[in-house]
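Worksheet: the structure to be examined is printed underneath.
The values are calculated or read from the model by the stated rules, or taken from the named source; none is laboratory data. Quick caveat: nothing in here was measured; it's all calculated off a predicted structure. In this analysis, Cβ positions are derived from the backbone assuming ideal geometry, glycine residues included, and neighbour counts consider all displayed protein chains. Heavy atoms of the whole protein, side chains included, go into the accessibility calculation; ligands, DNA and RNA do not. Shrake-Rupley method; radii C 1.70, N 1.55, O 1.52, S 1.80 Å.
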Amino acid sequence: MSKMKKDTYHINSLENEAIYIMREVAAQFEKPVLLFSGGKDSITLVRLAVKAFYPAKVPFPLMHIDTGHNFPETIEFRDKLVEELGLELIVRHVQDSIDEGKVKEESGKYSSRNSLQTTTLLDAIEEFKFDACIGGARRDEEKARAKERIFSVRDDFGQWDEKNQRPELFDMLNGQIHHGQNVRVFPISNWTELDVWSYIEKENIEIPSIYFAHKRKVFLRDGLIWSHSEFVYQEDDEEVLERMVRFRTVGDMSCTAAVFSEATDIASVVREIRDSTISERGARIDDKRSDAAMEKRKQQGYF
Amino acid sequence: MEVLKIATAGSVDDGKSTLIGRILYDTKSLTTDKLEAIEKTSKQKGYDYLDFSLATDGLVAEREQGITIDVAHIYFSTAKKSYIIADTPGHVEYTRNMVTGASTSQASIILIDARKGVIEQTNRHFFINNLLRIKDVVVTINKMDLVDYSEDVYNKIKADFSELMSKRDYQDQKITFIPVSALKGDNVVNRSNKMPWYTGQSLLEHLEELDKKDIFNIGTPRFPVQYVIRPKTEEFHDFRGYAGKVYGGELSVGDEVVVLPSQTKSKIKEIYFYNEKFQTASRRSSVTITLENDINVSRGDMIVKDGDLPTIDKQFTANICWMDSTQLTNGGKYIVQHGVNKVLAKVDKIHHKINPDYSGIEENVTGLNVNDIAQVTFKLNKPIFYDQFKNHRTNGSFILIDTQTNSTVGAGFIQ
């Protein structure tokens, strides 16, 4: 009984709220940017931004922090989307941060470039002097994110002071900041995973093919389904299997696990999520590191 | 499908997080992986029951101290409704978070520990519910299992609370009492057979039936202009659209309107939502409006119906909740953010402090400390267009911003 199909009243009110937030960003900040990962949440953000400013163009660029370990489908999709909508795209590479010696590549069985993104992101914010970064985080994803504000102030070091957050009352958003500070903005804070999918279905939004069931070479470890790829460390005794899978979240290949699925279209994905007993981030390898994994990364300036 | 936003309030150890965890558990809203994590941690801590508070206390410091520090938002849904719970901390020092959580809520749950009954904190929680004009309040008497599910205990608490109710000034508020045990699951989602003397609904059954009327929308239409859309493309060469959210009532094409502060009159020409044109913009929709006349409108201006003007003034008196550790003082200067409009404001007079436990007022006050509630008059450097909070929740409220730190330091409700 927990997850039922919602009619449009619910999703419309979330959409109205998100559009209101997008407009507040454009009005209150000088140099906003939309952080684009190629995942369904940031694709939803792009759709909301387009709707918020029609018939004018989206008044801020997109920025992708590229780990270099992406699913190729995501990059292809990103470039097509940007071209079709006439958006400006900035790409910054984690590989460059590694080459410059700012971060060190992890090694071993659970190595991932996911946490290295933070340095590349903070450098890019400084390079372009962005004062607002729009992100697709949702409060239902993870319990540290449940505490996040819609306008969340970060200090000069990109850090999140979770114990000293500004109160947010009614729908008034206080975007006043000091020079050097920036604000992370989360327009879909109040959406759940199912809401995002319902919206994608309702708006007929195109998303990368890896969100739908497809045949893929995978291997099993710790009860999770890992992609067989040059970017993912694999032990000799971890057998490669070919299975029908899809992804619920799309991050760096090394930290995103798949789920077994037969859902090949949006309607069946929505149905699958409604009936699922595992949370979305249950397939995020980076969250499994510890109970406070997300909070720690957020304090350091993660998305 | 409707959305119900609920604020929860209770003191330390009243079992608020446990109650929310119980709701999530009994509505099967906890996924297997989250449940497994709770089981694992509960076992590590040596508990012989599942500690549901682990589902909501998201910060390390909270888990260490076993308390809730910050407002957390929790989402679940039933066949009938989607729910958003603003879980707010109960400590005296976190009153500001309680006000924050309640500011967006239609209903609230006040938790009382059956063993302790109505305490000073209960007065405060109820006071804030009143100040913010929360329409439905559910007084949830928890830990009934620890008082042998006693009807006498329940009746005594109900009688004590009713005394408080006589003191409130928002008399239309609906108040319901429900005896529960969050730990054991009695009357939370499922009705209990341990309290045959209670014939009412379980907490969730009650929430499911609450009136869906959106209290934020009562009043007359107000359209604060958020952003001016000027595409400057060939196709939309002369397009000048005013983007914003409609509050209070509906606006339609052809409506005679007045733009504030210039008081210029015009008519609504078109209403856009994305690339579609509509005849009417419903409440709380984020639309773009064009006007018949080419007039100068900018962010912070307000479009209202002709003959239905709000108060236009360079001063107002309000009840405010002070939220900062630095004192508010007579003569102090702040930024008032009223909707999307910002003006400079000066504290003209602190009339009196209102004790948030219904014990009266304090006069001759020179400064306000964090969590103080007081009646204050502000003078502004330019006029704003407001309604009284009791008539218009959105156009009658504002926040105060410190000009030095940029922090949100207070919230106000215009009288």
If eta is 0.692 mPa s and T is 37 °C, what Stokes-Einstein diffusion coefficient results for chain A, Kirkwood Rh from Cα pairs, in µm²/s? 165 µm²/s
Mind checking how much accessible area B and A bury in total, 1.4 Å probe, in Å² rounded to 100? 6000 Å²
A chain fully extended from residue B:382 to residue B:415 at 0.36 nm per residue, minus the present Cα-Cα distance, gains in nm 10.0 nm
FRET efficiency, residue A:127 to residue A:205 (Cβ-Cβ, R0 35 Å, nearest 0.05): 0.70
Given points 7 Å out from each Cα along the Cα-Cβ axis, report the residue B:174 to residue B:234 separation in nanometres with one decimal. 5.8 nm
Shape call, chain B: gyration tensor on alpha carbons, a/c limit 1.5: prolate
Computed over chain B: longest principal axis from alpha-carbon atoms vs helix B:120-131 long axis, angle to nearest 10 degrees, is 30 degrees
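Note down the relative contact order for region B:126-283 as a percent, whole number, built from C-alpha pairs under 8 angstrom at least six residues apart.
Dividing the mean separation by the residue count of region B:126-283 yields 15 percent.
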Assuming R0 = 56 Å, what is the FRET efficiency of residue B:191 and residue B:344, from their Cβ-Cβ distance, to the nearest 0.05? 0.50
Shielding of B:26-36 by other chains, given as the mean Cβ count within 10 Å, works out to 4
Taking only protein heavy atoms into account and a 1.4 Å probe, give the accessible area per residue of chain B in Å². 40 Å²
Per its Cα gyration tensor (rounded if a/c is under 1.5, else prolate when a/b beats b/c, else oblate), region A:1-72 is best filed as oblate
Averaged across B:72-85, how many Cβ atoms of other chains sit within 10 Å of each residue's Cβ atom? 5
Helix-only estimate, please: 222 nm mean residue ellipticity of chain B, summing -39500 (n - 2.57) across DSSP H runs of length 4 or more and dividing by its residues, to the nearest 500. -5000 deg cm²/dmol
Mind checking the angle between helix B:32-44 and chain B's longest principal axis? C-alpha axes, 0 to 90 degrees, to the nearest 10. 50 degrees
Can you tell me the order of B:393-399, A:209-215 when each peptide is scored by its average per-residue count of other Cβ atoms within 10 angstrom, highest first? B:393-399, A:209-215
Any aspartates and glutamates whose Cα falls less than 18 Å from that of residue B:194, other than same-chain ones fewer than 8 residues away, would be B:26, B:113, B:145, B:148, B:151, B:152, B:186, B:205
GNM, chain A, Cα, under 10 Å: largest mean-square fluctuation among A:128, A:219, A:36? A:128
Starting from the Cα of residue B:150, step 7 Å toward the Cβ, then list every residue of region B:97-131 with an amide N under 15 Å from that point. B:113-118
Using label points projected 7 Å from each Cα along Cα→Cβ, tell me how many nm separate residue A:229 and residue B:256, to one decimal. 6.4 nm
dims of the protein assembly as shown, Cα set, principal axes, largest to smallest, nearest Å -> 76, 72, 46
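If you average 1/r over every pair of different alpha-carbon atoms in region A:1-137 and take one over that average, what Kirkwood value in Å do you get?
The answer is 16.6 Å.
Convex hull over the Cα atoms of region B:2-213, averaged projected area in nm²?
11.3 nm²
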Quick check on my link table: of A:57/B:245; A:147/B:333; B:16/B:158; A:102/A:143; A:202/B:232; B:135/B:353, which ones sit more than 22 Å apart, alpha carbon to alpha carbon? A:147/B:333; A:102/A:143; A:202/B:232; B:135/B:353
What share of Cα pairs, in percent, lie more than 20 angstrom apart in region B:188-305? 51 percent
If you take the beta carbon distance between residue A:110 and residue B:47 as r and set R0 to 25 Å, what does 1/(1 + (r/R0)^6) give as a FRET efficiency, to the nearest 0.05? 0.25
If I fit a long axis through the Cα atoms of helix B:151-165 and take the longest principal axis of the Cα atoms of chain B, what angle between them do I get, 0 to 90°, rounded to 10? 30 degrees
Between region B:245-289 and region A:119-159, the Cα center-to-center distance that results, in Å: 34 Å
In the Gaussian network model of chain A, springs joining C-alpha atoms below 10 Å, which of A:70, A:164, A:174 carries the largest mean-square fluctuation? A:164
How crowded by other chains is A:186-197, given as the mean number of beta carbons from other chains within 10 Å of each beta carbon? 2
Mean separation of Cα contacts under 8 Å, 6 or more apart, over the residue count of chain A: relative contact order %: 21 percent
Let me understand region B:311-414 better: what is its radius of gyration from the alpha carbons, and its Dmax, in angstrom? 12.7, 36
GNM, chain A, Cα, under 10 Å: largest mean-square fluctuation among A:19, A:273, A:134? A:273
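Not counting the cut sites, what is the longest span of chain B without GluC sites (Glu not before Pro) that DSSP labels loop and that have at most 11 other Cβ atoms within 10 Å?
That gives B:1-233 as the longest site-free run.
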Within region A:232-256, list the residues whose amide N lies under 19 Å from a label point set 7 Å along Cα→Cβ of residue A:271. A:244-248
What part of the accessible area of chain B, given as a whole %, is carbon or sulfur when the probe is 1.4 angstrom? 44 percent
Please state the charge dipole magnitude for chain A, taken about the Cα centre, from unit charges on C-beta atoms (+1 on K and R, -1 on D and E), reported in debye and rounded to the nearest 20. 760 debye
